[in-house]
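Take a look at the structure set out below.
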């Protein structure tokens, strides 16, 4: 990586490999590439991606080792993906107490909200302590900023830097009148419980009169037990022949799926942001999604998207039926999607917002 000795030294701490297909990993990689291009000295530390409580226990060993690494290499800033917080609560507290290394925390979602009782209160306290240790907190949406303010109260250290959006499909979408029996639905996301895919499968089972096809694009190995549930449900509802699970695909292949789709379906149960919605909008797709998290900051209900309650297969089915059977709405939504996509932030704007904020937490002679 290029080195500029006049710039600060930065360590980025991430869960898993930076090449993963999650929204958080894409965000981390875009930021890392930008900072390198700006001449910062950059290292990446990859930590195991563990469940909350396992990560908290592992942190007893991980935090001291990471602290020694930072002290040895004299990093000025640690940029931490918020997903690794349980493992680094001790490390974060040490950074705060010593003041030698400044901590910037990027929060895509609050992990304590996914922890089941009776450990919910403990998880919330751990995450609260970890977040409050940061010198600067980056929220990926207004929704996430509000969530953070409820957790730590201090909004002066919180900035908003939404993920950038980009065109994945380079082909020009041409409007073609189609029979409702030839339409393709598209779902893009890793196969995890929070993405709500199981409710989309149930909705498809309620639409037997419409011979739709559903393309599911995303990592099916992320949560094997959940994927097994999804497959068994599709078999039980006799819709397995209408669904194709494509797994992980290349960037070019993903563009082809967007260009061939007619409706984008995103039944998420929780979203800190939702990068794929921006991709679908750039592709000129009508969207069906859920009323959750930051989604209302990206799509406009009734303009380019039908928005339904979470975990409601009947509402999903009704929305799909509306867009499938009314070509005029589908076309109008698709045109509005492309128009609204031009208003979304670019990755450069995202990275610039974070880079510009580094001066707020570093001594002048290190910026």
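The values are calculated or read from the model by the stated rules, or taken from the named source; none is laboratory data. In this text the structure is predicted, and so the values were computed from the model without any measurement. Note that each Cβ is placed from the backbone with ideal geometry, even for glycine, and that neighbours are counted across all protein chains shown.
Only one of the numbered conditions (1) touching a helix residue (DSSP H, G or I) at 6+ places or on another chain (Cβ under 8 Å); (2) over 30 Å from residue 208 (Cα atoms) is violated by residue 349, and that is (1). Annotation: residue 10 fulfils all but one of (1) surrounded by fewer than 21 Cβ atoms within 10 Å (Cβ to Cβ); (2) over 18 Å from the mean Cα position of the chain (by Cα); (3) at pLDDT 90 or above; (4) not in a helix (DSSP H, G or I); the unmet one is (1). Here residue 326 meets the list (1) in contact with a helix residue (DSSP H, G or I) (Cβ under 9 Å, 6 or more places away or on another chain); (2) free of Cβ contacts under 8 Å to residues at least 40 places away in the same chain almost entirely, failing just condition (1).
Against the conditions (1) assigned by TED's automatic domain parsing to the domain that holds residue 186; (2) at pLDDT 95 or above, residue 352 satisfies every one except (1).
Being farther than 16 Å from residue 127 by Cα, in contact with a helix residue (DSSP H, G or I) (Cβ under 7 Å, 6 or more places away or on another chain) and surrounded by fewer than 21 Cβ atoms within 10 Å (Cβ to Cβ) is a description that does not apply to residue 37.
The number of residues in region 278-315 that are in a helix (DSSP H, G or I), touching a strand residue (DSSP E or B) at 6+ places or on another chain (Cβ under 6 Å) and buried (at least 21 other Cβ atoms within 10 Å of the Cβ) comes to 2. Limited to region 228-259, what total is found for residues that are out of contact with any strand residue (DSSP E or B) (no Cβ under 6 Å at 6 or more places or on another chain) and touching a residue at least 40 places away in the same chain (Cβ under 8 Å)? Looking only at that region, the number is 7.
Scanning region 234-251 for residues that are surrounded by fewer than 18 Cβ atoms within 10 Å (Cβ to Cβ) and more than 19 Å from residue 23 (Cβ to Cβ) returns 235, 236, 237, 238, 240, 241, 244. Residue selection: residue 344 satisfies the criterion of being in contact (Cβ under 8 Å) with a residue 12 or more places away in the chain, in contact with a helix residue (DSSP H, G or I) (Cβ under 7 Å, 6 or more places away or on another chain) and in a loop (DSSP other than H, G, I, E, B).
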